[in-house]
């Protein structure tokens, strides 16, 4: 067999592997293009139109965006700052808490680790219905609320505190509940990354002079699990910006008292499904997407590989 025949045979084998790869990725790529890329494109186009969900969209140019940033006081004074503040608190704190708890669980025996992981992960699966049942009862503004009952029983207060009517306490409770439910799939990815780090690297590092667990985390654990750290960061960004209905579930009102905890997702759903202004809601979704992309690029810069 001459050289040209060998090269031809190698090219055919490479083409078969290439076609097989496309065959496996094809179904996912089709679903992704239809249900993600296409919908984002449609939302972007609708943001330049007036659309009530019944009549044909009517092109109005940048009117929705001009209205959004110059006339929509609920967005500029409540939804936008609340969303950024909520994301900057729950995102980084929840992310660091997820890594810390994953590292702690990795030190436990397997039997206890599995049970603890399920317990920590389960709140992320709950929706606003369970939140309204559990946490609304906890912070209820009458004597039947658990916290008010204890405060009244101990003589700390003379009348029930209205936790879910005060603007400041609503946001604090919302952040607390957000952190409570932040141990999602990113937390499991970090736990997997820690457990799959090669133990021989730790042993070699201690031989070379590493002295404590803190150095172990900084110099070995985190660099060894950059993909899981990046995945956890992306999931934290998406979940915090995608939060919707949390404050309404807690207070039982929509919009919430004094628009406390009113997020961009809440504002978007209000315009889309209550006011039937789909074009304006689409412009809100585009702004939300831009915010997510900004925070994603920041996370990507922090955790990008040096390779």
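The values are calculated or read from the model by the stated rules, or taken from the named source; none is laboratory data. No experiment lies behind these values; they were computed from the predicted model shown. Note that each Cβ is placed from the backbone with ideal geometry, even for glycine, and that neighbours are counted across all protein chains shown.
Observations
- Assessment of segment 103-123 against the conditions (at pLDDT below 85 and in a loop (DSSP other than H, G, I, E, B)) yields no matching residue.
- The test for being in contact (Cβ under 8 Å) with a residue 24 or more places away in the chain, within 12 Å of residue 241 (Cβ to Cβ) and in contact with a helix residue (DSSP H, G or I) (Cβ under 9 Å, 6 or more places away or on another chain) holds for residue 265.
- Selection count where residues are surrounded by 15 or more Cβ atoms within 10 Å (Cβ to Cβ) and not in a helix (DSSP H, G or I), scope segment 145-161: 3
- Single unsatisfied condition, residue 293 versus (1) under 18 Å from residue 83 (Cα atoms); (2) free of Cβ contacts under 8 Å to residues at least 24 places away in the same chain; (3) more than 15 Å from the chain's Cα centre (by Cα): (3)
- Test: residue 140 is over 20 Å from residue 244 (Cα atoms) and outside any helix (DSSP H, G or I): yes
- Boolean, residue 261 is crowded, with 20+ Cβ neighbours inside 10 Å, closer than 28 Å to residue 131 by Cβ and modelled with pLDDT under 90: yes
- Contacts under 6 angstrom Cβ, first residue in segment 197-217 being on the phi < 0 side of the Ramachandran plot and loosely packed, with under 12 Cβ neighbours inside 10 Å, partner modelled with pLDDT under 85 and assigned to a helix (DSSP H, G or I), 6 or more apart: none
- Scanning segment 218-244 for residues that are within 26 Å of residue 135 (Cβ to Cβ) and surrounded by fewer than 19 Cβ atoms within 10 Å (Cβ to Cβ) yields 238, 242, 244.
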